[in-house]
Structures are given as C-alpha cells and as structure tokens.
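Beneath this line is the structure, given in structure tokens, with notes to follow.
Rule-based calculations on the coordinates, nothing more; no lab input. Computed from a prediction, not measured in an experiment: that's the story for all the values here. Quick reminder, even Gly has a Cβ in these numbers, built from the backbone with ideal geometry, and neighbours come from all protein chains shown.
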Amino acid sequence: MIALAGLAAAGCGADRPGTAGDAGDPADYGPHDEKVIAAWEEQRSDLLDDGLRLMDSPYRFDGDRGGGTVEYIVDIDFPRQHGDTTVAGQSLEEDFPALGAEDSLERFVFGVNSPDPCPDEGEEATSTEEEGEEGVASAVADCQTVTITEIAAETDVRWTNDGPAEVPVWTFTAEDAAKGFTALAVDLPEPDEAPTLEVGGGEPPEGSVPATYIAEAGDKGLSVAYGVSSCDGDVVPSVTETGEIVIVYGTAESEEDVCDMMMRYEEVALPLESPLDGRMVVDGWSGRVLRAGSLY
C-alpha cells in the first residue's frame, strides 16, 4: 500500500500593464495588431528552439478536488511501464524520459504540496495557529482520503509551446469518481520563462489589463483570465484572429478613486469566428504567449 498526502494549491498575482482609468477603444488596436503579427512571423521558430515545453497543468481532475489535505491510498499494483514516450505537437514530435505510474503519482502529490498525511482514527488532526485581533485562533485542517482503484496508460491533450499536443498520461481512477485524475507519464519540462514575442512600440491605452492565461478553450470559443485590480469593473475584451494566432486585449474602468490594487482574475468568454484548433493565444501588449489553466 502507498499513502501520499497533498494540499490544494493557491494562485498568485500578475503584473498589470497600463493604468486604471477609462477603458481604451478597441478600434485603436489595429495598427498594433500588425506589429504582433509581424513579430509572430519572425519569431515563431524561436519559441521552439529548446524543443517541446509544457504550457499547461501536468494534471487533470475528473471533478472538484476540493481544498485541504488529501491522502491518496493505493492498494493495487502499479503498472511497470506506459509503453509510449512520444509527445506530438502541431509541428514537432519528440520523445521524453518515461515516468512510471508510482513516480507520476508522487510528482502529482508533491506538485500540489505535501503536508503530513491524514491522522489515523482516534488521532487529532493537524491544527494551525494564527494570531488575530482577538488573540490566537486554532483551526483544524480538512483531511480526506482518496482510494485509487485503477491505473491505466492512456494519452491526453496538454497545451505546449507548439499548441495542443498528444501526451502520454496515467489515468488514476478513484473509488469516488469525482476524485480521479490524470498525470503525465513522461518528464515533459516547462519553459524557463513565459514565451514572449518582442513586439516593440506602442503603449497600452489607459485602463488596459493583461490577459494572463487560457481558462478554457473550446471548438467555437475561448475563455481568458485577465488580471484586474479589486477596484476595476468588468473587463471589455477585444480579439483579433489570424490563421496562426489569436491576439487578445482587455480594458477595465476603475469604479473607485482610491484603489488598493489587490489583484484578482476575471475569466471572460471570447467568441471566435473559427475553432481555436492549434492556434496560439497572445496577449497583445506584452507579447506573452498564454499558458493554459494557470499562470506560469
């Protein structure tokens, strides 16, 4: 039996270009679009200089994982090998070192942080102490166990610097179906830094907010998370499509004169004229190629 514990991870803030104020006019983006498109045509191959790189979460959950501590119980034999080590992107195909199912599970658990395992029956759960205005408060961490009932070798789609790619994965089926997940079966590295086009020239209009990551991508639509302050109103998005990229912008008006600039993410649905397919999504002003699922 193997028992591993993990803790749900939280996101962090993003730098915001531009200044809060009146939202810019989307019609002003046309001349800048041409610079982004030219930069893509000139620098596209540079993004692949180091080979395929993961721009997505290594994991996919079958349902809501929830928060707190999760201890994974495995009472079955781990498969010896996957049998497939090839990642196939839109233009590149590359082999990577294999990850066995047990190694993959350990990476999954430690990738979402690993506190102490859940306490045995009769033992006290781990508690944390925080000092507040009314003294020290003690909180008991939530703890749940998930029993893995089946492990299968499959393939799944993950976003890379070469667009969506077929990637070997291990599928971990749980006794509670909503707690299952998939994890990479190969050691596919992430880029050292976010792939970014050197666009040059042009200043974001007042009120510009950055597109930070792809929240969801479907056949006919795209949902992008924008980094906004706690004082900003709704994001007004703008989209420009070409055959190879989708350029996104966003603006938001400040609703208050004084703002604490605490960052949050607003997911905005962006309808597309044609399916996203293998096209990359680029934040127009920063030139950053967006990652899927979360920040870099």
Please give the length that would be gained between Glu203 and Glu216 if that part of the chain were fully extended, namely 0.36 nm times their separation in residues minus their C-alpha to C-alpha distance (nm, one decimal). 1.9 nm
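Using the Cα gyration tensor of segment 149-289, with a ≥ b ≥ c the square roots of its eigenvalues, what is the shape: rounded (a/c below 1.5), prolate (a/b larger than b/c) or oblate (neither)? Mind showing how you got there, number by number?
Working: a/c = 2.22, a/b = 1.65, b/c = 1.35.
It comes out prolate by the Cα gyration axes.
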Measure off 7 Å from each Cα along the Cα-to-Cβ vector at Glu166 and Glu42, then give the distance between these two points in nanometres to one decimal. 3.6
Hey, for a label at Glu193 modelled as a point 7 Å past Cα toward Cβ, could you say which residues of segment 32-58 have their backbone N under 13 Å away? none
Between Glu255 and Asp234, what is the label-point separation in nm under the 7 Å Cα-to-beta-carbon projection? 1.1
Cα gyration tensor category, rounded, prolate or oblate, for segment 143-193 with a/c compared to 1.5: prolate
Residue span Ala153 to Thr242: 0.36 nm per residue of separation minus Cα-Cα distance leaves a gain in nm of 28.4 nm
